[in-house]
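Presented below is the structure to which this report refers.
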Amino acid sequence: MPARSIMHMDLDTFFVSVERLLDSRLEGKPILLGGTSDRGVVASCSYEARSFGVHSGMSMKMARQLCPEGIVIRGNSSNYMKYSAMVTDIIKESFPLYEKTSIDEFYVDLSGMDRFFGCLKMASESRKRIIKETGLPISFGLSQNKTVSKVATGEAKPNNQIKVDTGLEKAFLAPLSIKKIPMVGDKTYQLLSNLGVKQIRTLQQMQPEMLEKVLGKNGLLLWKKANGVDTSPVIPYTERKSISTERTFDRDTIDVAKLKGILTAMAENLAFQLRRGNKVCACVTVKVRYSDFNTYTLQAHIPYSSADHVLIPKVLELFDRLYNKRLLVRLIGVRLSSLVTGSYQMDLFSDNEELINLYQAMDKIRNRFGDRSVMRASGIQARSIGRGNPFTGDAAPLLANRRS
């Protein structure tokens, strides 16, 4: 089987780089980008700030203590989405098969291109074009699989490139820290460190069965990655347009408390689906169908978000404007559209650390025990909600018109 050629591209300190494009006075300065209050969180920081020990996810209060001369910027998600789209368009024009995994990160399958242009040449020319047309620094790693290419990108930064030739994957990975392997988080790192495993070469020399005993089913996967083995494909990228959910009642109702409770549950669930799918939305629509079968909708545009505390009030506001108190309601629905790739991190510019930790804790519980294992009290009476099929297009319900 012929060797694959997979490129991983990552825009260097993306948020900071965009801010510097918009204001050249920020060049060379330590930048702290995120929530501006002490309770805020660092969404991104410049390399100059990192030299003081600052990192993303750190509280802004601690970041300011470590880097007193740091320039704090709230950030503007619309600007970041705009530049991300510009880079995506260039990649789309250049390559037939690419995967966009976040607002600033891409995989490209160049397999077979060596016989025509040369994979390294194509990758380098694409990188140069992005830098020239957008002004943004970008790095890439090129190898036969996703894992090695992603690690290579990290080693290439800032604003550079690395190619790992086929057959040299193990040698390239061996001297690096196990933290460089994408699936190794803080807990796994601590566990392996306690066992005396700190470099990838040590993982390479271990028996896979031993890792499986220590880490469970992820142990074998980690061993394969440490040895430069990864057969996961580049997944073709498509922009999903919307997710939605609606509910038809067995008996038409004018119980406003019940209606608002169900709408709250709907919005909360859709917000979770956004975060799980690494998406944010910019448009909220509420739908009401009355007993006479007349259907009305009302929508509003919002700053990109996947946060409950942003989406739920907007849904309830639209319902209040739409609801006719003289008529029985047969159906209600919520739709979130204008979706783009972007994690909840895009909301860190205004949210505090406690709120972000709360969302992460709730989402962790939902991922383990189910979507409705934790929810707001106001939505508890919504025993069932129809749920749109996440990220498969417009209004594709999994539980279409489920009746209570």
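The values are calculated or read from the model by the stated rules, or taken from the named source; none is laboratory data. Predicted model, so just to flag it, every value in this text is computed and none were measured. When we count neighbours, we look across all protein chains shown, and the Cβ atoms used for this are built from the backbone with ideal geometry, even at glycine.
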Query raised in the report: Which of the residues spanning the range 1-52 are of a type in the set (Val, Ile, Thr) and in contact with a His (Cβ under 9 Å, 6 or more places away or on another chain)?
Result: 42
Query raised in the report: Going through the range 180-217 one residue at a time, which ones are without any contact (Cβ under 8 Å) to a residue 40 or more places away in the chain and in contact with a Ser or Thr (Cβ under 8 Å, 6 or more places away or on another chain)?
Result: 196, 198, 199, 200, 215
Query raised in the report: Residue check: is residue 183 surrounded by fewer than 16 Cβ atoms within 10 Å (Cβ to Cβ) and closer than 18 Å to residue 217 by Cβ?
Result: yes
Requested in this report: Among the candidates 238, 264, single out the residue that is modelled with pLDDT of 90 or more and not acidic (Asp, Glu).
Outcome: 264
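Let's see how each residue does on (1) aromatic (Phe, Trp, Tyr); (2) under 21 Å from residue 106 (Cβ atoms); (3) in contact with a Gly (Cβ under 8 Å, 6 or more places away or on another chain):
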position	(1), (2), (3)
205	no, no, no
211	no, no, yes
217	no, no, no
223	yes, no, no
231	no, yes, no
234	no, yes, no
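Output the residue which, of all residues in the range 80-124 that are of a type in the set (Ser, Thr, Tyr), within 19 Å of the chain's Cα centre (by Cα) and assigned to a helix (DSSP H, G or I), is surrounded by the most Cβ atoms within 10 Å (Cβ to Cβ).
The qualifying residue surrounded by the most Cβ atoms within 10 Å (Cβ to Cβ) is 80.
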Report summary line: Of the candidates 114, 109, the one satisfying the condition of being within 18 Å of residue 152 (Cβ to Cβ), out of contact with any helix residue (DSSP H, G or I) (no Cβ under 7 Å at 6 or more places or on another chain) and at pLDDT 90 or above is 109
Report task. Output the residues belonging to the range 243-259 that are surrounded by 20 or more Cβ atoms within 10 Å (Cβ to Cβ) and either under 22 Å from residue 340 (Cα atoms) or touching a Leu at 6+ places or on another chain (Cβ under 8 Å) (or both). Result -> 243, 244, 245, 246, 247
Report summary line: Of those in the range 157-179 that are of a type in the set (Lys, Arg) and assigned to a helix (DSSP H, G or I), the residue farthest from residue 228 (Cα to Cα) is 179
Report summary line: Exception for residue 346 within (1) assigned to a loop (DSSP other than H, G, I, E, B); (2) aliphatic (A, V, I, L, M); (3) modelled with pLDDT under 80 falls at (1)
Query raised in the report: Residues in the range 131-154 that are out of contact with any helix residue (DSSP H, G or I) (no Cβ under 8 Å at 6 or more places or on another chain) and more than 12 Å from residue 107 (Cα to Cα): how many?
Result: 2
Query raised in the report: Is it the case that some residue within the range 60-74 is surrounded by 15 or more Cβ atoms within 10 Å (Cβ to Cβ), under 18 Å from the mean Cα position of the chain (by Cα) and under 29 Å from residue 359 (Cα atoms)?
Result: no
Query raised in the report: Taking the range 19-39, which residues are in contact with a Phe, Trp or Tyr (Cβ under 8 Å, 6 or more places away or on another chain) and buried (at least 24 other Cβ atoms within 10 Å of the Cβ)?
Result: 33, 34, 35
Requested in this report: Go through the range 180-203 and give me each residue that's under 20 Å from residue 232 (Cβ atoms) and either in contact with a Phe, Trp or Tyr (Cβ under 9 Å, 6 or more places away or on another chain) or in a helix (DSSP H, G or I) (or both).
Outcome: 180, 188, 200, 203
